[in-house]
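Notes for the one structure printed next.
The values are calculated or read from the model by the stated rules, or taken from the named source; none is laboratory data. Please read all numbers here as calculations on a predicted model, not as lab measurements. Here the Cβ positions follow ideal geometry from the backbone for every residue, glycine too, while neighbour counts run over all protein chains shown.
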Amino acid sequence: MKGFGKKGGLRFETKARTQSRKRLYFIAGFLAFLLVFGSIAAVMMYRMYQENGGSFFGPVESTEPESVTGEADSVEYILPEVSGKENFLIACTPDDYSYVEFLVLVCVDMDQITAHVCPLSPSDTAEVQGISRTLSDHYLYAGGRQLQQAVAALGGIPVDRYAIVTYSNFKKVFGLFGKSVEVDLTQAVAYECDTYSISLPAGTQSINADTALKLMRAPVSNAGENRAKVMCAMFDTFLTEKNIVQGSELFAQVMDLIDTNITANDYAAWTNALTVLARSGDRKPADWVQSLTDAVFQH
């Protein structure tokens, strides 16, 4: 095939070269078509993206599970299964351990997810190993283990563990868990002696560690009830998930401040029960005060 060159001369082309040039034109045209079509498609897809809230496939639905209550910040907990009862004896003595000032028996009742507190008198008499003594004298004679046996004999119930704390260490243990608790006194309290004095009106009030100890020591007409109420208030106020998270550290500090047969293994075994109690919304400390003959203290 022949043609004219750029300077007007003849130019010869082969058939293969002509076909090659046609293929080049076809490819260039096809690429131009793709460029135009792609631009249009991109614009349409971008508009779709904006209309669907940032998704090419329709509005985005939340993948977060809805709470049971419908509140965004609520969390549904699956609590462990717990059951049974444990009875604990708690006693307080002067710093020289010369006598027992007061005692309370605490039953942690995991069948009902609650606790019960029974005040005891140090002057109550019980027989251990054939010898009858007051509870205070049993402690002076052979320590916490015999006091535990005496209380069990007195009430005819098992006493699983005991904890004995002095005046000074009572306030330290209180301070490890919080600054104050609320108690509802049915009667005004007024008492004074050589070592301390206390004056509280009837009704609900917040008390610190020092006042709590004085209230539990004061030998007024309803002293047992007051002691039980303070213990209930401490249990209810200080049993929190935050304290349970720090439980191992707090337990170690408490063990340094009290005379007890509670062990680290005991604490580990009770963690689930404490967690369930801490999350219970039905606690009613005012109903926890019980008599020693109440059935809840039986295993």
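Among 166, 211, 195, which is surrounded by fewer than 18 Cβ atoms within 10 Å (Cβ to Cβ) and polar (S, T, N, Q)?
The match here is 195.
Looking at 275, 195, can you tell me which residue is of a type in the set (Val, Ile, Thr) and either outside the structural domain of residue 164 (by TED's automatic domain parsing) or in a helix (DSSP H, G or I) (or both)?
From the options 275, 195, the qualifying one is 275.
May I ask you to list the residues in the stretch 198-221 that are within 17 Å of residue 104 (Cβ to Cβ) and assigned to a loop (DSSP other than H, G, I, E, B)?
218, 219, 220
Residues in the stretch 104-114: is at least one of a type in the set (Ser, Thr, Tyr), in the same structural domain as residue 201 (by TED's automatic domain parsing), more than 30 Å from residue 244 (Cα to Cα) and touching a residue at least 40 places away in the same chain (Cβ under 8 Å)?
No; the residues of the stretch 104-114 include none that is of a type in the set (Ser, Thr, Tyr), in the same structural domain as residue 201 (by TED's automatic domain parsing), more than 30 Å from residue 244 (Cα to Cα) and touching a residue at least 40 places away in the same chain (Cβ under 8 Å).
Look at the stretch 91-112 and say how many of its residues are in a strand (DSSP E or B) and closer than 12 Å to residue 224 by Cα.
Counting residues in the stretch 91-112 that are in a strand (DSSP E or B) and closer than 12 Å to residue 224 by Cα gives 4.
Among the listed residues 142, 150, identify the single one that is surrounded by 21 or more Cβ atoms within 10 Å (Cβ to Cβ), assigned by TED's automatic domain parsing to the domain that holds residue 220 and of a type in the set (A, V, I, L, M, F, W, C).
Result: 150 is the single residue among 142, 150 that is surrounded by 21 or more Cβ atoms within 10 Å (Cβ to Cβ), assigned by TED's automatic domain parsing to the domain that holds residue 220 and of a type in the set (A, V, I, L, M, F, W, C).
If you check residue 298 against the conditions, is it buried (at least 16 other Cβ atoms within 10 Å of the Cβ), modelled with pLDDT under 90 and more than 21 Å from the chain's Cα centre (by Cα)? Lay out the reasoning, then the answer.
Working: buried (at least 16 other Cβ atoms within 10 Å of the Cβ): no; modelled with pLDDT under 90: yes; more than 21 Å from the chain's Cα centre (by Cα): yes.
When the stated conditions are applied, residue 298 does not pass them.
The conditions are (1) surrounded by fewer than 19 Cβ atoms within 10 Å (Cβ to Cβ); (2) part of a strand (DSSP E or B), and residue 115 fails exactly one of them. Which is it?
Tallying (1) surrounded by fewer than 19 Cβ atoms within 10 Å (Cβ to Cβ); (2) part of a strand (DSSP E or B), residue 115 fails exactly one: (1).
Let's see how each residue does on (1) among the charged types (D, E, K, R); (2) at pLDDT 95 or above:
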site: 127; (1), (2): yes, yes
site: 138; (1), (2): no, yes
site: 145; (1), (2): yes, yes
site: 163; (1), (2): no, yes
site: 184; (1), (2): yes, no
site: 192; (1), (2): yes, yes
site: 196; (1), (2): no, yes
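Would a scan of the stretch 144-157 turn up a residue that is β-branched (Val, Ile, Thr), within 35 Å of the chain's Cα centre (by Cα) and within 15 Å of residue 91 (Cβ to Cβ)?
yes
Output the number of residues of the stretch 158-177 satisfying the condition of being part of a strand (DSSP E or B), in contact with a helix residue (DSSP H, G or I) (Cβ under 9 Å, 6 or more places away or on another chain) and among the hydroxyl-bearing types (Ser, Thr, Tyr).
Matching residues across the stretch 158-177 total 1.
So that you can scan it fast, the table gives a plain yes or no per residue for (1) under 19 Å from residue 97 (Cβ atoms); (2) free of Cβ contacts under 8 Å to residues at least 24 places away in the same chain:
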residue	(1), (2)
131	no, yes
141	yes, yes
152	no, yes
155	no, no
163	yes, no
166	yes, no
171	yes, no
177	no, no
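Would a scan of the stretch 257-264 turn up a residue that is over 30 Å from residue 200 (Cα atoms), of a type in the set (Ser, Thr, Tyr), assigned to a strand (DSSP E or B) and in contact (Cβ under 8 Å) with a residue 12 or more places away in the chain?
Within the stretch 257-264, one or more residues are over 30 Å from residue 200 (Cα atoms), of a type in the set (Ser, Thr, Tyr), assigned to a strand (DSSP E or B) and in contact (Cβ under 8 Å) with a residue 12 or more places away in the chain.
Counting only residues that are assigned to a helix (DSSP H, G or I) and among the charged types (D, E, K, R), which one in the stretch 278-295 is modelled with the lowest pLDDT?
Selected residue: 287.
Would you pick out the residues in the stretch 214-252 that are touching a residue at least 60 places away in the same chain (Cβ under 8 Å) and within 22 Å of residue 188 (Cβ to Cβ)?
216, 217, 223, 224, 225, 227, 228, 229, 231, 232, 234
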